[in-house]
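S.K.: Mind looking over this structure? Questions follow.
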Amino acid sequence: PAVINITQLTKTYIMGQTEVRALRGIDLQIQTNEYVALMGPSGSGKSTLMNLLGCLDTPTSGSYLLDGRDVSRMEDAELANIRNEKIGFVFQTFNLLPRQTTLENVALPLVYAGLGKGERQARAAEVLASVGLGDRLDHRPNELSGGQRQRVAIARALVNNPAIILADEPTGNLDTKTSIEIMEIFEDIQSRGNTVILVTHEPDIAEHAHRIVRLRDGEVESDEANDHIIRAS
Ligand code: ADP
Ligand code: ADP
């Protein structure tokens, strides 16, 4: 089933007297367990689309069904609930709480899910072990490498079992070797049944995805399976 079903989605920003048509009619279906890279030049609408996919903003027109629910006309409070329930975010700058330990950072989203402390910690430890950080539970972010910090952020994104993981330039602050390690973690996450959508400028990073969607001037310029993967498998 399509976890994301977008039809003729538009987003127009009003800047004084000027209208900026950031998205001009996007059609996009993404199935559960797909691994999609979103590419395109600066200003092509990637961030705007990610904000809509992540229920951080609502479209000007068109529809967006997320896991079968129309989220395109929801009020902010309802969108916030959908975000907590359905979406895991990973950012370029990690966005961890500096005074909290690895375990605390990852357990935090479970507070909104209403779990007790013991359950939260057990679940967080389990997800941290799955990204190779089972021995770093009590470290604070400044005691971790960049790649380890991003793995904490990925564990935090996964802890609620979201329907989709959205990653915006997740390797933008990492060196090549560490970037590859992070991409391998996303591949592992996808192979365990999750849906992953990531924005990247880097062809070497997009090469890890199974499908590449390119935006240009607020439209889908191309949407294709990644040949490299298909030939290899
Ligand atoms: P990048 O694609 O390099 O990540 P951004 O998404 O931050 O860059 O910005 C892309 C373009 O959108 C830039 O031209 C930037 O000035 C513009 N932009 C981003 N956010 C805003 C905003 N809040 N208001 C006006 N323009 C914005
Ligand atoms: P990308 O992420 O691909 O760089 P964006 O989605 O940031 O593209 O931007 C698409 C277009 O929308 C650009 O022309 C940008 O200037 C404009 N834009 C983005 N965010 C805002 C905003 N908050 N207010 C006004 N214009 C914006």
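The values are calculated or read from the model by the stated rules, or taken from the named source; none is laboratory data. Remember, predicted model here, so these are calculated numbers, not experimental data. When we count neighbours, we look across all protein chains shown, and the Cβ atoms used for this are built from the backbone with ideal geometry, even at glycine. These area figures cover heavy atoms from the full protein model, side chains too; ligands, DNA and RNA do not enter into them. Shrake-Rupley method; radii C 1.70, N 1.55, O 1.52, S 1.80 Å.
S.K.: Could you check Ala206 against (1) over 18 Å from Gln31 (Cβ atoms); (2) free of Cβ contacts under 8 Å to residues at least 40 places away in the same chain; (3) crowded, with 19+ Cβ neighbours inside 10 Å and say which number it fails?
M.R.: It fails just one condition, (2).
S.K.: Do you know which of the residues in segment 106-122 that are of a type outside the set (A, V, I, L, M, F, W, C) and in contact with a helix residue (DSSP H, G or I) (Cβ under 6 Å, 6 or more places away or on another chain) is surrounded by the fewest Cβ atoms within 10 Å (Cβ to Cβ)?
M.R.: This residue is Tyr112.
S.K.: Need a quick list: strands (runs of 3 or more DSSP E) entirely within segment 1-61 having at least 3 residues that are surrounded by fewer than 14 Cβ atoms within 10 Å (Cβ to Cβ).
M.R.: Because the criterion is at least 3 residues that are surrounded by fewer than 14 Cβ atoms within 10 Å (Cβ to Cβ), the strands (runs of 3 or more DSSP E) in segment 1-61 that meet it are 2-15, 18-31.
S.K.: How about segment 62-82: which of its residues are part of a strand (DSSP E or B) and either basic (Lys, Arg) or away from ligand 2 (no atom under 16 Å from the Cβ) (or both)?
M.R.: Across segment 62-82, the qualifying residues are Ser63, Leu65, Leu66, Arg69, Asp70.
S.K.: Scan segment 81-90 and give yes if some residue there is within 14 Å of ligand 1 (Cβ to nearest atom) and touching an Asp or Glu at 6+ places or on another chain (Cβ under 8 Å), otherwise no.
M.R.: no
S.K.: Assess whether Asn95 counts as being within 16 Å of ligand 1 (Cβ to nearest atom) and either on the phi > 0 side of the Ramachandran plot or among the basic types (Lys, Arg) (or both).
M.R.: Against the criterion (within 16 Å of ligand 1 (Cβ to nearest atom) and either on the phi > 0 side of the Ramachandran plot or among the basic types (Lys, Arg) (or both)), Asn95 qualifies.
S.K.: Here is a check on your reading of the model: is Asp70 within 20 Å of Ile165 (Cα to Cα), open to solvent by 40 Å² or more (accessible area, probe 1.4 Å) and free of Cβ contacts under 8 Å to residues at least 24 places away in the same chain?
M.R.: Here the answer is yes, as Asp70 does meet what is asked.
S.K.: Name every residue in segment 1-26 that is of a type in the set (Gly, Ala, Ser), on the phi > 0 side of the Ramachandran plot and touching a residue at least 40 places away in the same chain (Cβ under 8 Å), in order of residue number.
M.R.: Passing the criteria: only Gly25.
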